[in-house]
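In what follows, a structure is listed as structure tokens, so that the remarks can point back to it.
The values are calculated or read from the model by the stated rules, or taken from the named source; none is laboratory data. Worth saying up front: this structure is predicted, and the values here are computed from it rather than measured. So basically every Cβ, Gly included, is an ideal-geometry build from the backbone, and we count neighbours across all protein chains shown. Ligands, DNA and RNA are excluded from the accessible area calculation, which covers all protein heavy atoms including side chains. Shrake-Rupley method; radii C 1.70, N 1.55, O 1.52, S 1.80 Å.
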Amino acid sequence: MSETARTNEENKLPLNGRRAIPPNYSNDEENEVPEMEAFGLIPRGFNPRDYLRVVDIYMFKEPQEINKQEHHTDKYYNPRLIVRRGQAFQIQIDFNRPYKPETDQFWLEFLMGRYPQQNKGTYIPILIGNVLKPGQWGAKIIHRENNSIRLSIMSSTTCIIGKFRLYVAVLTPFGILRTRRNSATDTYILFNPWCQLDAVYLDDEKEREEYVLNDVGVVFHGNVEDIKSRSWSYGQFEENILDACLFLMDKAELELSGRGNPVKICRVASAVINSRDENGVIAGSWNNTYDYGVAPSAWTGSVDILLEYYSSKQPVRYGQCWVFAGVFNTFLRCLGIPARLITNYSSAHDNNANLRLDFYLDDEGKVDTRLTKDSVWNYHCWNEAWMTRPDLPVGFGGWQVVDGTPQETSDGMYRCGPASVQAIKHGHVCFQFDAPFVYAEVNGDIFYTRMEKNGTQVVENIDTTHIGQLIVTKEVGGDGMMDITEEYKFREGSDEERLALETAVMYGVKKQSVQDTTYQPQTDVDMDFQAQKAVLGNDFKVTITFRNKSRNSYTATTYLSGNIVFYTGVPKKEFKKHSFSAKLEPSSSSSFDVVIKSSEYVSDLLEQASFHFFVTARINETGKILAMQKAVILEIPTLRIKTKGELVAGKETSVIVEFTNPLKQTLENVTLRLEGPGVLRTIIKQFGRIPMNSTLTWEVKFTPMRPGLRRLIASLNSDALRHVYGELNIQIQKP
């Protein structure tokens with residue numbers, strides 16, 4: 001576009017004393033581009049047909065053609081050209097006559113948004129040259145035949161991510177002739193983890209296949225003693241998902257010119273994934289009532305959520321941490337940023353970021369729920385995104401924590417990250433963004449404090465190893481679990497760990513020293529307790545073991561409190577109180593069993609079948625208190641999935657989902673969901689009720705489109721029972 005045309009357009013803009021042009025944060029809006037841009041008066045005899053004219057542009061945009069193959073974008077279910085930045089791609093231009101380089105002059109123009117500007121990277125003119133420089137915009141002719149030429153085009157490694165419009169411009173003596181607006185030549189440009197100059201470059205091919213190209217993943221949940229896993233369909237290549245992800249950046253009002261920067265994209269995305277500010281994608285709900293929405297446990301993947309949001313523009317109900325993390329992972333992988341979903345077991349949700357979680361006990365050693373405000377989540381899911389951090393000192397690039405679950409505000413919005421994992425490990429929490437918050441999630445200490453009648457606080461016990469005991473993600477190339485705790489923290493009790501803690505405290509993480517409080521631990525008696533593995537609906541027992549290492553006989557008044565809790569550690573109701581007196585013989589161990597009956601818990605059970613036990617014991621002879629807490633999770637039965645008949649692409653087959661009700665009650669309002677990325681879109685089926693001990697069978701007919709290894713994922717949801725999943729890997733043959 002010539003300067004005169006652009007100036008004329010800008011003169012028509014609404015006046016605003018602060019900026020010359022309005023904010024430019026919609027990838028969808030367009031400007032009018034003239035097909036004939038005259039330099040002045042056009043002589044009467046001028047006929048544009050006498051000059052070089054573009055007849056057709058061929059984009060090589062089919063999945064099996066060169067561009068999508070070389071750019072690893074052949075899986076996107078999208079008819080347009082999709083390429084990755086900093087890597088050459090090809091197009092062919094057919095003219096009305098052979099191209100003569102001596103006299104003909106043409107160039108390409110890529111435009112984005114309503115107000116394209118060259119200095120903002122939203123108007124990109126590309127002249128035809130002889131060589132392509134790596135990482136810079138350019139084009140060269142690689143083949144000429146009859147009226148056609150084939151071009152190789154290189155994009156910049158810092159180019160904006162999104163959808164560009166393409167025009168071909170031809171110079172004539174009297175003006176510039178341009179091709180007509182044609183959406184078929186629109187080109188999506190994404191991040192390129194295969195390109196060494198890109199900020200998201202990842203050097204391991206296996207990791208790129210996992211963290212960018214894998215469209216299913218595994219979410220680890222449950223708790224440390226009893227790890228559970230389930231599949232999640234990311235579906236980043238499914239139809240309309242790429243457009244939905246670009247829309248999220250429009251929704252977050254991220255300037256187009258900032259969209260080449262993964263740090264900025266992650267920061268705004270972590271706010272727009274949740275609905276707490278500006279009506280983001282998912283509304284969170286942690287109160288076990290999910291009216292007018294879908295229970296968080298019922299979702300099987302991200303696709304339904306993103307598509308519903310893209311069409312309704314209203315928050316989708318409802319999510320909890322793994323749903324926010326699953327959708328965030330889809331967003332990142334879809335745009336080409338390597339990403340993985342992380343689970344932190346025993347995650348501290350500390351309300352004042354002082355690395356100390358306080359559990360207050362009353363005189364008898366029971367936990368005082370009025371005073372106790374901090375909570376320990378059984379697990380919490382967040383994401384890591386891979387990128388360089390040019391905004392931080394050298395050494396803090398690599399994996400960055402980003403978290404879309406609304407927990408605390410950061411710069412006034414509910415968002416978290418990106419925070420460098422390396423900085424968290426070494427305690428350098430001064431580096432942006434939100435490192436102290438993540439440091440506290442994986443490093444807090446639990447203080448059990450007894451309140452005396454006169455108001456003094458006596459610390460009875462300090463547990464330094466409970467928080468952030470295990471941090472995991474899915475292994476590369478398999479469904480197993482990979483322990484990445486060492487990437488976040490040094491070994492408990494090592495010198496490096498102390499040093500990292502001192503560094504974090506120096507940089508402003510608040511830590512109260514033990515000297516501020518009176519604390520004399522009980523050293524000659526140890527206490528531990530174990531819960532039996534139990535299936536939902538059955539009785540089980542909790543065994544409390546004391547080891548008396550002294551030569552004295554003691555009696556311990558022992559108190560067990562069983563609470564039904566949300567996975568966030570917040571109690572719903574105390575369902576079991578049991579106290580007994582334990583005789584502890586000198587130099588020996590003794591065990592005591594407490595039976596938990598299903599009738600005591602089943603009516604109040606929450607969806608993740610999660611209990612939390614506190615055991616406190618007072619040694620009567622010394623007055624010392626021992627305290628311990630553990631989460632216990634029941635086994636929830638799974639859905640069984642099997643296929644019937646052979647699995648061949650393009651041929652109808654069927655899948656059968658079965659479930660047997662394990663509870664001693666009828667299940668009401670049962671909903672089943674089934675989906676498989678690249679195989680079948682989500683199907684939802686309602687069943688009124690399933691009587692106790694009876695089995696439900698559901699057959700679904702479908703036609704797989706593409707050959708290859710795929711996964712089916714199903715979930716069952718009902719009023720009394722949630723978090724029921726099943727999955728099946730299937731190999732679809734070529735026809």
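Here Ala199 passes the criteria (1) closer than 23 Å to Tyr25 by Cα; (2) part of a loop (DSSP other than H, G, I, E, B); (3) assigned by the TED database to the domain that holds Thr73; (4) of a type in the set (A, V, I, L, M) except the one numbered (3). Within region 1-30, being modelled with pLDDT of 90 or more and open to solvent by less than 50 Å² (accessible area, probe 1.4 Å) holds for Ser26, Asn27.
Do we find a residue being over 11 Å from the mean Cα position of the chain (by Cα), surrounded by fewer than 24 Cβ atoms within 10 Å (Cβ to Cβ) and hydrophobic (A, V, I, L, M, F, W, C) anywhere in region 334-356? Within region 334-356, one or more residues are over 11 Å from the mean Cα position of the chain (by Cα), surrounded by fewer than 24 Cβ atoms within 10 Å (Cβ to Cβ) and hydrophobic (A, V, I, L, M, F, W, C).
Quick check, is Ser285 buried (at least 20 other Cβ atoms within 10 Å of the Cβ), polar (S, T, N, Q) and modelled with pLDDT under 95? Here the answer is no, as Ser285 does not meet what is asked. Just so you know, in region 399-409 the residues that are open to solvent by 10 Å² or more (accessible area, probe 1.4 Å) and in contact with a Ser or Thr (Cβ under 9 Å, 6 or more places away or on another chain) include one that is modelled with the lowest pLDDT, and it is Pro406. Note on region 67-82: residues that are of a type in the set (D, E, K, R) and touching a helix residue (DSSP H, G or I) at 6+ places or on another chain (Cβ under 9 Å) total 3.
Within region 553-566, the presence of at least one residue that is in contact with a Pro (Cβ under 9 Å, 6 or more places away or on another chain) and surrounded by fewer than 16 Cβ atoms within 10 Å (Cβ to Cβ) is confirmed. For region 660-672, the set of residues classified as touching a Gly at 6+ places or on another chain (Cβ under 9 Å) and open to solvent by less than 30 Å² (accessible area, probe 1.4 Å) consists of Leu663, Val670, listed by residue number. Picking from residues in region 645-654 that are in contact with a Gly (Cβ under 9 Å, 6 or more places away or on another chain) and at pLDDT 90 or above, the one that is surrounded by the fewest Cβ atoms within 10 Å (Cβ to Cβ) is Glu652. Output yes when any residue across region 228-239 is farther than 30 Å from His380 by Cβ and under 23 Å from the mean Cα position of the chain (by Cα), and no when none is. Among the residues of region 228-239, at least one is farther than 30 Å from His380 by Cβ and under 23 Å from the mean Cα position of the chain (by Cα), which makes the answer yes.
In the set Leu52, Leu132, Leu127, which member is open to solvent by less than 10 Å² (accessible area, probe 1.4 Å) and either out of contact with any Leu (no Cβ under 8 Å at 6 or more places or on another chain) or not hydroxyl-bearing (Ser, Thr, Tyr) (or both)?
Within the list Leu52, Leu132, Leu127, the selection yields Leu52.
Selection of region 363-392 for residues being assigned to a loop (DSSP other than H, G, I, E, B), open to solvent by 10 Å² or more (accessible area, probe 1.4 Å) and more than 22 Å from Asn192 (Cα to Cα) yields Asp363, Glu364, Lys366, Asp368, Thr369, Arg370, Leu371, Thr372, Lys373, Asp374. Residues being of a type in the set (A, V, I, L, M) and under 22 Å from Arg722 (Cα atoms) are represented in region 659-666 by at least one member.
In the set Val679, Val724, Val657, which member is open to solvent by less than 20 Å² (accessible area, probe 1.4 Å) and farther than 26 Å from Leu536 by Cβ?
Criteria check complete, one pass: Val679.
Within region 681-701, being modelled with pLDDT under 90 and touching a Lys or Arg at 6+ places or on another chain (Cβ under 9 Å) holds for Met692, Asn693.
Screening Asn31, Asn27, Asn96 for residues that are in contact with a strand residue (DSSP E or B) (Cβ under 7 Å, 6 or more places away or on another chain) and either at positive phi or outside the structural domain of Thr179 (by the TED database) (or both) leaves exactly one candidate, Asn27.
One residue stands out in region 216-237 among those that are out of contact with any Asp or Glu (no Cβ under 8 Å at 6 or more places or on another chain) and under 20 Å from Trp299 (Cβ atoms): the one that is most open to solvent (accessible area, probe 1.4 Å), namely Lys228. Can you name the residue in region 102-121 that is without any contact (Cβ under 8 Å) to a residue 40 or more places away in the chain and assigned to a loop (DSSP other than H, G, I, E, B) and, of all such residues, is most open to solvent (accessible area, probe 1.4 Å)? For region 102-121, the residue satisfying everything is Glu102.
If you take the residues of region 288-313 that are in contact with a Phe, Trp or Tyr (Cβ under 6 Å, 6 or more places away or on another chain) and more than 16 Å from Ile241 (Cβ to Cβ), which of them is least open to solvent (accessible area, probe 1.4 Å)? Restricting to residues being in contact with a Phe, Trp or Tyr (Cβ under 6 Å, 6 or more places away or on another chain) and more than 16 Å from Ile241 (Cβ to Cβ), the top hit is Pro296.
Against the test of being within 30 Å of Ser579 (Cα to Cα), modelled with pLDDT of 90 or more and under 30 Å from the mean Cα position of the chain (by Cα), the options Ile467, Ile471, Ile446, Ile484 yield a single qualifying residue, Ile467. What do you reckon, is Tyr360 in contact with a Pro (Cβ under 9 Å, 6 or more places away or on another chain) and open to solvent by 10 Å² or more (accessible area, probe 1.4 Å)? When the stated conditions are applied, Tyr360 does not pass them. In region 582-604, the residues that are closer than 17 Å to Lys541 by Cβ form Cβ pairs under 7 Å with partners that are of a type in the set (Lys, Arg), at six or more places apart or across chains, as follows: Asp593/Lys541; Val594/Lys541; Val595/Lys541; Ile596/Lys541; Ile596/Lys576; Glu600/Lys576.
Taken over region 187-209, the criterion of being open to solvent by 10 Å² or more (accessible area, probe 1.4 Å) and of a type outside the set (Phe, Trp, Tyr) is satisfied by Cys195, Gln196, Leu197, Ala199, Asp203, Asp204, Glu205, Lys206, Glu207, Arg208, Glu209.
A count restricted to region 600-644 and to residues that are open to solvent by 20 Å² or more (accessible area, probe 1.4 Å), in a strand (DSSP E or B) and not hydrophobic (A, V, I, L, M, F, W, C) stands at 8. Taking the conditions (1) surrounded by fewer than 18 Cβ atoms within 10 Å (Cβ to Cβ); (2) more than 33 Å from the chain's Cα centre (by Cα) in turn, Ile690 satisfies each one other than (1).
Here is the figure for region 259-281: residues that are open to solvent by less than 20 Å² (accessible area, probe 1.4 Å), closer than 20 Å to Phe164 by Cβ and not in a helix (DSSP H, G or I) total 2.
Of all residues in region 247-258, those satisfying the criterion of being in a helix (DSSP H, G or I) and either at positive phi or of a type in the set (D, E, K, R) (or both) are Asp250, Lys251.
Applying a threshold of 8 Å to beta carbon distances and a minimum spacing of six or more residues, or different chains, the list of pairs starting in region 162-176 at a residue that is at positive phi and in contact (Cβ under 8 Å) with a residue 60 or more places away in the chain and ending at one that is open to solvent by less than 10 Å² (accessible area, probe 1.4 Å) and among the hydroxyl-bearing types (Ser, Thr, Tyr) reads Gly162/Tyr188.
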